[in-house]
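Notes for the one structure printed next.
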Amino acid sequence: MVMIVATMLGVGGLARDINYPVWAGTLSTLLIWAGPAQVILLGAIASDATMTATAFAIWLSSARFLPMTVSILPLVRRPGLSGLPVVLAAHLVSMTTWVEGLARLPHLPVEGRIAYFLGFGSAIIGVATLGTHAGYYLYELMPRYLAAALLFTTPLFFAAAMVKGARLPSDWVALSIGFFITPLLVPYLPSGVDFLVIGLLGGTLAYVVQRRMRKAGMP
């Protein structure tokens with residue numbers, strides 16, 4: 001939670017830096033709910049980019065949420081559940097709720113999972129929204145390098161959460177592949193689609209390695 005607030009403080013500070021209205025910067029957290037996409041939005045506004053180019057860049061940046069949503073919604077849904085609760089659950093998917101959801105939902109009764117996920121996700125996005133709003137006003141009190149550094153706390157938290165949740169050798173294989181191929185490929189891939197491509201490539205390689213490990217009798 002602390003890491004999320006720190007990141008959104010940075011987003012709020014960025015909104016203040018480009019003279020973006022406080023209400024619009026705060027609303028962007030509720031509607032977009034993705035720090036990198038919000039940075040793209042604010043950067044595009046500052047550079048007077050076209051609406052089409054901005055929307056496309058945000059779409060590319062947020063494409064990573066599709067596999068996250070597809071993988072976690074089956075854990076949330078139960079027979080007879082559809083409509084608004086599922087749509088809200090899909091909107092609340094983020095790196096934090098995805099990691100924690102995959103770790104906690106399988107251990108909860110099926111009938112209580114949607115309530116847990118909606119409550120947890122609402123608390124996270126609520127705190128993040130308050131953090132964005134506060135960051136707008138705290139920006140003038142923080143050194144510029146600190147305001148910029150706050151934007152990198154969520155990726156660090158995500159990496160730490162993945163390492164903490166790794167249990168099987170196959171988990172470490174996936175993390176290791178992502179760790180080593182990311183710095184090799186990022187310089188050659190367009191911004192916004194880089195991590196999507198790396199995720200697909202790294203995930204495929206990890207899947208192949210995992211299958212071979214199982215055939216060899218390893219977990």
> Just a yes or no: is a residue in the range 52-60 within 20 Å of Thr129 (Cβ to Cβ), not aromatic (Phe, Trp, Tyr) and not in a loop (DSSP other than H, G, I, E, B)?
Replying inline: yes
>> Here are the criteria: (1) under 18 Å from Val93 (Cα atoms); (2) over 15 Å from the mean Cα position of the chain (by Cα); (3) hydrophobic (A, V, I, L, M, F, W, C). Tell me which single one Ala24 does not satisfy.
In response: (1)
> With Trp59, Trp98 as the choices, which residue is closer than 24 Å to Thr26 by Cβ, surrounded by 15 or more Cβ atoms within 10 Å (Cβ to Cβ) and free of Cβ contacts under 8 Å to residues at least 40 places away in the same chain?
Replying inline: Trp98
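Specify which of the listed residues (Ala57, Ala34) is within 30 Å of Leu141 (Cβ to Cβ) and at pLDDT below 85. Break it down into steps so the answer makes sense when it comes.
Working: Ala57 fails: within 30 Å of Leu141 (Cβ to Cβ).
Within the list Ala57, Ala34, the selection yields Ala34.
Hey, among the residues in the range 164-180 that are part of a helix (DSSP H, G or I) and not hydrophobic (A, V, I, L, M, F, W, C), which one's modelled with the highest pLDDT? Step through it out loud before you land on a result.
In the first step, residues of the range 164-180 are kept if they are part of a helix (DSSP H, G or I); the result is 164-165, 169-180.
Narrowing further to those that are not hydrophobic (A, V, I, L, M, F, W, C): 164-165, 169-171, 176, 178.
Working: Lys164: 67, Gly165: 64, Pro169: 71, Ser170: 68, Asp171: 72, Ser176: 81, Gly178: 78.
Taking the candidates together, the pick is Ser176.
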>> Which count do you get for residues in the range 32-51 that are surrounded by 14 or more Cβ atoms within 10 Å (Cβ to Cβ), assigned to a helix (DSSP H, G or I) and not small (Gly, Ala, Ser)?
In response: 7
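So which of Ala147, Ala161 ends up being surrounded by 14 or more Cβ atoms within 10 Å (Cβ to Cβ), in contact with a Phe, Trp or Tyr (Cβ under 7 Å, 6 or more places away or on another chain) and either modelled with pLDDT under 70 or of a type in the set (S, T, N, Q) (or both)? Steps first, please.
On the way: Ala161 fails: in contact with a Phe, Trp or Tyr (Cβ under 7 Å, 6 or more places away or on another chain).
Of Ala147, Ala161, the one residue that is surrounded by 14 or more Cβ atoms within 10 Å (Cβ to Cβ), in contact with a Phe, Trp or Tyr (Cβ under 7 Å, 6 or more places away or on another chain) and either modelled with pLDDT under 70 or of a type in the set (S, T, N, Q) (or both) is Ala147.
Any residue that is part of a loop (DSSP other than H, G, I, E, B) and at pLDDT 70 or above - is there at least one of those in the range 184-197? Break it down into steps so the answer makes sense when it comes.
Taking the range 184-197 as the starting set, the residues that turn out to be part of a loop (DSSP other than H, G, I, E, B) are 189-193.
From what is left, the residues that are at pLDDT 70 or above are 189.
Yes - at least one qualifying residue is present in the range 184-197.
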> Inside the range 70-115, can you point out the residues that are part of a helix (DSSP H, G or I) and charged (D, E, K, R)?
Replying inline: Glu100, Arg104, Glu111, Arg113
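The values are calculated or read from the model by the stated rules, or taken from the named source; none is laboratory data. Bear in mind the structure is a predicted one, so any value in this text is a computation, not a measurement. Ideal geometry is used to build each Cβ from the backbone, glycine not excepted, and the neighbour counts take in all protein chains shown.
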